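Asker: Just dropping this structure here.
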Amino acid sequence: MESLIKFFDQVEPLSENSKDILRSFLYTEKLKKGNFFLELGTICNKIGFVKSGIIRVQFFNEMGEEFTRYFIGEGHFAVDLTSFNDKTPSKEYLQALTDMELVMITREAMECFAANISNWNSIIRKLTEKALLEKLKLSNEMVLDDAYTRYQKLMERQPEIVQRIPLNIIASYLGVSQYTLSRIRKRYR
């Protein structure tokens, strides 16, 4: 819990009263490997700050093929922002790839923070802008870069993914077969 409060305090300084308000609403939750943080068709009513573990954001196409959009690791937020903000059913799954511990923020807590912490909306705006810019950059790279370059960037940015996640999931994320991923990994060494 304190790690998340420190995280917010680094975005914009918080008063002690604001920190106490956060402490009164935040709680930790554990999620077992394979369980879902959010399932397709449900409304996202909570945000999870990942203390430990890895979540993947995935979807299935019309033919039932599974695709991994991206991974959410430690120090990042697990949320379907569109579903959370618009109160609409999610179009993706958020699944724990490892055992996890998250600091949770409910929708009600967010509303309380907005009403009682003077710079809360500014903190959320800054975090949202940063996350959206990161996702746009990642999306552009996934379209423009070749598979080898995508793998290199994954190794640089999130080496724990490659060390802890099964190859079929990494291949799904990179948009290649497991065979191609094996060839890329041999070349990378």
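The values are calculated or read from the model by the stated rules, or taken from the named source; none is laboratory data. Worth saying up front: this structure is predicted, and the values here are computed from it rather than measured. Every residue, glycine among them, receives a Cβ derived from its backbone with ideal geometry; neighbour counts consider all protein chains shown. Quick note on the areas: whole protein, heavy atoms, side chains included, nothing else; ligands and nucleic acids left out. Shrake-Rupley method; radii C 1.70, N 1.55, O 1.52, S 1.80 Å.
Asker: Using alpha carbons only, how many degrees (0 to 90, rounded to 10) separate the axis of helix 107-116 from the longest principal axis of the chain?
Answerer: So the helix axis and the longest Cα principal axis differ by about 50 degrees.
Asker: Could you point to the label whose value was computed as Rg/Rh (Cα atoms, Kirkwood Rh) for the structure here, given (i) 1.09; (ii) 0.99; (iii) 1.02?
Answerer: Correct label, based on the coordinates given: (ii).
Asker: Of 79, 174, 123, which is farthest on the positive side of the dipole of the chain, counting Cα position, with +1 on Lys and Arg Cβ, -1 on Asp and Glu Cβ, and the Cα centre as origin?
Answerer: 174
Asker: Follow-up. Would you kindly state how much longer the chain becomes between residue 67 and residue 43 on full extension, computed as 0.36 nm times their sequence separation minus their alpha carbon distance, in nm to one decimal?
Answerer: 6.6 nm
Asker: A further question follows. Rank 137, 51, 33 by mean-square fluctuation in a GNM of the chain with C-alpha springs under 10 angstrom and give only the top-ranked residue.
Answerer: Comparing 137, 51, 33 in a Gaussian network model of the chain, the most mobile one is 137.
Asker: How many nm is it between the label spots at residue 148 and residue 27, if each spot is 7 Å from the Cα in line with the beta carbon?
Answerer: Result for the modelled spin labels: 5.1 nm.
Asker: Could you provide, to the nearest whole Å², the per residue accessible area of the chain with probe 1.4 Å?
Answerer: Using a 1.4 Å probe on heavy atoms only, each residue of the chain averages 56 Å².
Asker: Now for a separate question. What number does the stretch 1-98 give for Rg over Rh if you use C-alpha atoms and the Kirkwood radius?
Answerer: Using Cα coordinates only, the ratio equals 1.03.
Asker: Multiply the residue separation of residue 36 and residue 128 by 0.36 nm, subtract the distance between their alpha-carbon atoms, and state the gained length in nm to one decimal.
Answerer: This chain segment gains 30.8 nm when fully extended.
Asker: Taking all protein chains in place and a 1.4 Å probe, what share, in percent, of the accessible surface of the stretch 131-187 do carbon and sulfur account for?
Answerer: Looking at the stretch 131-187 in its full context, I get 53 percent from C and S.
Asker: Sticking with this one: Tell me the angle of helix 120-144 to the major Cα principal axis of the chain, expressed in degrees between 0 and 90 and rounded to the nearest ten.
Answerer: It works out to around 10 degrees.
Asker: Next up: Taking all protein chains together and a probe of 1.4 Å, list 108, 129 from the most accessible to the least accessible.
Answerer: From most accessible down to least: 108, 129.
Asker: Moving on. Would you give the gap between the C-alpha center of the stretch 118-189 and the C-alpha center of the stretch 32-67, rounded to a whole Å?
Answerer: What the calculation gives is 16 Å, centre to centre.
Asker: Going through the cross-link list 46/130; 91/126; 30/186; 46/135, which pairs have a Cα-Cα distance over 28 Å in this structure?
Answerer: 30/186
Asker: What is the distance, in nm, between label points placed 7 Å from the Cα along the Cα-to-Cβ direction at residue 88 and at residue 157?
Answerer: The modelled label-to-label distance comes out at 2.5 nm.
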